[in-house]
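*Asks:* Handing you this structure, nothing more for now.
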Amino acid sequence: MDFWWFMAMVNALLPAILIGFGKYFMRHAPRDINPFFGYRTARSMQNMDTWNFAHQYCGKVWFSGGLTALPLSLLIMLCVRGQSEDAIAAVGLCVTAAQIIFLFVSVALTEAALKKAFDAQGRRRA
């Protein structure tokens, strides 16, 4: 049972981080464009307008994704409560993989939104 609790908490960690950083980024992009903290891609780092847009958009995606993933992950883990450690580990790994795939999807969504809102030089489209 201890292993189940461990895996449930591990599977709750990423959604909790997404909720926290999502809420933070929706309201406060990092003050300066930097290569160390924040949503950092070539398109998002073109200027302050793209930087702020990317953080606000990605923050919304992460916040809503985290709010969806947290209860869903815990519900899935409840389905294997009391099962063998191998079953718990396998399901926990699948949940973690799905959460990581969501991170890649969030980048693709944010990049598509940036491309739609800004031209190649980082100027807002009309």
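*Asks:* Using every pair of alpha-carbon atoms in the chain, split the distances into 5 Å bins beginning at 0 and state the percent of pairs per bin, rounded to integers.
*Replies:* Reading upward from the zero bin: 2, 12, 19, 17, 15, 11, 9, 7, 5, 3, 1, 0.
*Asks:* Which ³J(HN,Hα) values in Hz, rounded to whole numbers, follow from the phi angles of region 48-63 under the Karplus curve 6.51 cos²θ - 1.76 cosθ + 1.60, where θ = phi - 60° and Gly and Pro get x?
*Replies:* Going residue by residue, I get 5, 5, 5, 4, 5, 4, 4, 5, 5, 5, 4, x, 5, 5, 5, 4 Hz, with x marking Gly and Pro.
*Asks:* With charges only on Cβ, +1 for K and R and -1 for D and E, what is the dipole size of region 1-97 about its Cα centre, in debye, rounded to 20? The partial results should precede the final answer.
*Replies:* Numbers: 7 positive and 5 negative charges, 92 e Å.
That gives region 1-97 a dipole magnitude of about 440 debye.
*Asks:* For labels at residue 64 and residue 117 in the simple 7 Å Cα→Cβ model, what's the distance in nm?
*Replies:* 1.3 nm
*Asks:* What does the extension gain come out to for residue 27 and residue 2, with contour length at 0.36 nm per residue minus their alpha carbon separation? Intermediate values should be presented prior to the final figure.
*Replies:* Values: separation 25, 0.36 × 25 = 9.00 nm, distance 3.77 nm.
Full-extension gain reported as 5.2 nm.
*Asks:* Roughly how tilted is helix 85-117, in degrees to the nearest 10 and between 0 and 90, from the longest Cα axis of the chain?
*Replies:* 10 degrees
*Asks:* Please determine, in degrees from 0 to 90 and to the nearest 10, the orientation of helix 2-27 with respect to the longest principal axis defined by the Cα atoms of the chain, where the helix direction is its Cα long axis.
*Replies:* For helix 2-27, the angle is close to 20 degrees.
*Asks:* For the pair residue 36 and residue 105, what calculated FRET efficiency results from E = 1/(1 + (r/R0)^6), where r is the Cβ-Cβ distance and R0 = 25 Å, to the nearest 0.05? Walk me through the numbers on the way to the answer.
*Replies:* Values: r = 24 Å, r/R0 = 0.95.
So, using R0 = 25 Å, E works out to roughly 0.60.
*Asks:* Moving on. For region 69-126, place one equal point scatterer on every Cα, skip the solvent, and apply the Debye formula. What is log10 of I(q)/I(0) at q = 0.25, 0.29 Å⁻¹?
*Replies:* Debye curve over Cα of region 69-126, log10 I(q)/I(0) at q = 0.25, 0.29 Å⁻¹: -0.95, -1.08.
*Asks:* Tell me, which longest segment in the chain has none of the chymotrypsin sites (Phe, Trp or Tyr not before Pro) that fall in DSSP loops with at most 10 further Cβ atoms within 10 Å?
*Replies:* Values: sites that count: 36, 37.
Here the longest run is 38-126.
*Asks:* Quick one: which residues, 5+ away or cross-chain, put their amide H under 5 Å from the amide H of residue 118? H built at 1.01 Å from N.
*Replies:* 125
*Asks:* A further question on this structure: Using a 10 angstrom cutoff on alpha carbons, build the Gaussian network for the chain and name the most mobile of 33, 88, 101.
*Replies:* 101
*Asks:* Sum -39500 (n - 2.57) across every DSSP H segment of at least 4 residues in the chain, then divide by the residue count to get the 222 nm mean residue ellipticity, nearest 500. Display every interim value, and only then the final one.
*Replies:* Values: 3 runs with 90 residues, N = 126.
Taken over the chain, the calculation gives -26000 deg cm²/dmol.
A short reminder: the numbers here are calculations on the coordinates, not readings from a lab. Quick caveat, the model's predicted, so the values are computed rather than measured. Here the Cβ is made from the backbone with ideal geometry for all residues, glycine too, and neighbour counts use every protein chain on show.
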